[in-house]
1. Would you check which residues across the range A:268-299 are surrounded by 24 or more Cβ atoms within 10 Å (Cβ to Cβ) and under 16 Å from residue A:36 (Cα atoms) and list them?
2. Return the total of residues in the range B:5-22 being crowded, with 17+ Cβ neighbours inside 10 Å and assigned to a loop (DSSP other than H, G, I, E, B).
3. Just the residues that are over 11 Å from residue A:7 (Cβ atoms) and crowded, with 21+ Cβ neighbours inside 10 Å, please, taken from the range A:251-267.
4. Does residue B:187 count as surrounded by fewer than 19 Cβ atoms within 10 Å (Cβ to Cβ), within 11 Å of chain A (Cβ to nearest Cβ) and closer than 27 Å to residue A:294 by Cα?
5. Using the structure shown, decide if residue B:153 is surrounded by 21 or more Cβ atoms within 10 Å (Cβ to Cβ) and out of contact with any helix residue (DSSP H, G or I) (no Cβ under 6 Å at 6 or more places or on another chain).
6. Could you figure out which of (1) surrounded by fewer than 24 Cβ atoms within 10 Å (Cβ to Cβ); (2) within 12 Å of chain B (Cβ to nearest Cβ); (3) at pLDDT 90 or above; (4) assigned to a loop (DSSP other than H, G, I, E, B) isn't true of residue A:244?
7. Mind checking which residues of the range A:217-230 are within 14 Å of chain B (Cβ to nearest Cβ) and more than 19 Å from residue A:154 (Cβ to Cβ)?
8. Residue A:233 is checked against (1) under 17 Å from residue A:40 (Cβ atoms); (2) more than 16 Å from the chain's Cα centre (by Cα); (3) within 12 Å of chain B (Cβ to nearest Cβ); (4) not in a helix (DSSP H, G or I) and fails just one. What number does that condition carry?
């Protein structure tokens, strides 16, 4: 199987990673990390989420972070996660040009997290996409728990195929498929991508993989063998705490870059610069769970 | 590519894992772990190494551990690592039926660790094999740093091919190829196995992979795609400390079992029993680096 020559990484550590960190990180520190990530060569950075500060206090400074974003070249895209219309409005007011809108593919997860079943969640997503587009923002849509859910187990392929097809019809700039709980394996990655990639046509597919059970990087390789060339990663593998059952960590940005470097695949991102950024962030929140390997090797 | 239906794991945590743990683990605790591993279904357990206690104090109780090994069925094999003739004699006197004899494929590593160049190391290995066979023991031979060395970088394929060929000619029960520094990637695993597996004919090849850079499990998958169906693993991923540059951890036994379970490959080993054993060992040496994922999820 042939592998892609280049891979695009989207940094999600400042959102998916930091949202599980109890100790509040000052906006200046977040902005400093964002600047360093851009300097390292990352072109896509998810910088915050527009959720109620009562639920995720770490993201209460979403507007402040957006106001302080560095001036960059046009090929750098900053995005924010949105889960409802209010989030879309806030992202637009904050001046973002892209939002990441996401729903679950697990009914129980969707009801617990968003208080709605799957059909309603799809309608909800469609409205968010329209609202964001009307506000001049592009939308990356995301499906969560695609390869398994701690509540509902493994979803039937038919459901994922159906949901992918409906999301693609909404007209989005990209589709992210998330293994939110790290329950995917190289076989299931390939099997589901074989069924879903053809539905996506020209819409790029991004894989958002967690390393909860240590299979994250193996799943990246399996996905690349199927032609996927975009992945979400988090600096230092931040995200969730491995000491809590079912809690999850993202695949680490610098470890993923190392995989690509070693396999001769270009990311355009400087491994050492990202690793140093991860190390600095880890030192600022030492109680948090950074599960990446390579940032620890930085001097 | 087709994957094997069954995979055989050799537990090396009590040797390769514990040897880096400064706090001495009582022999009774090691024997308790060995009993639990056998109860979990492991058929091959490397229980100790016969090295000078001055260099590895944790292994000073090699004879005591061997004297206390549980009665088992015939299909369970306990082995000890040996690095010289003295080690072979000690293993024989301790009543072991199998030794693991190992040399490096990196000249600098070999000179630093064993005070001999590669040609001399091969002669040395041949003598150990003969000595062990004469004593009625079977030998698994091992080559270290096959996919890279922190001193010498990546070895030329020709050297590995030559050394594999010579070791196979010595007549050993199995050949282990070690990525001692975690520098392999799925591409290099496949490329080198393509060249070396045909030389091994009927001699089983065991891969000994470290997860230093997070690629251990991805490398397992790549090796299985080439037909390899034997791997060394360590309970809890014990082995080396990820906070020390270049230090290395083995791939975790329970994480590897989970990979196999999820991909429908039979190991005959109970994941939860191994994870509980890892958890108990981790709690007895809390300062040590257990980098596995799944043992943390045990209640």
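1. Passing the criteria: A:274, A:275, A:277, A:278, A:281, A:295.
2. 3
3. Listed by number, the residues that qualify are A:251, A:252, A:253, A:254, A:255, A:258.
4. Spelling it out, residue B:187 is indeed surrounded by fewer than 19 Cβ atoms within 10 Å (Cβ to Cβ), within 11 Å of chain A (Cβ to nearest Cβ) and closer than 27 Å to residue A:294 by Cα.
5. No.
6. Evaluating residue A:244 over (1) surrounded by fewer than 24 Cβ atoms within 10 Å (Cβ to Cβ); (2) within 12 Å of chain B (Cβ to nearest Cβ); (3) at pLDDT 90 or above; (4) assigned to a loop (DSSP other than H, G, I, E, B) leaves (3) as the failure.
7. Within the range A:217-230, the first condition is being within 14 Å of chain B (Cβ to nearest Cβ), and the residues that meet it are A:217-226.
Passing the criteria: A:217, A:220, A:221, A:224, A:225.
8. With respect to (1) under 17 Å from residue A:40 (Cβ atoms); (2) more than 16 Å from the chain's Cα centre (by Cα); (3) within 12 Å of chain B (Cβ to nearest Cβ); (4) not in a helix (DSSP H, G or I), residue A:233 is out only on (2).
The values are calculated or read from the model by the stated rules, or taken from the named source; none is laboratory data. Model, not experiment: these values are computed from the prediction. Note that we place each Cβ from the backbone using ideal geometry, even for glycine, and neighbour counts take in every protein chain shown.
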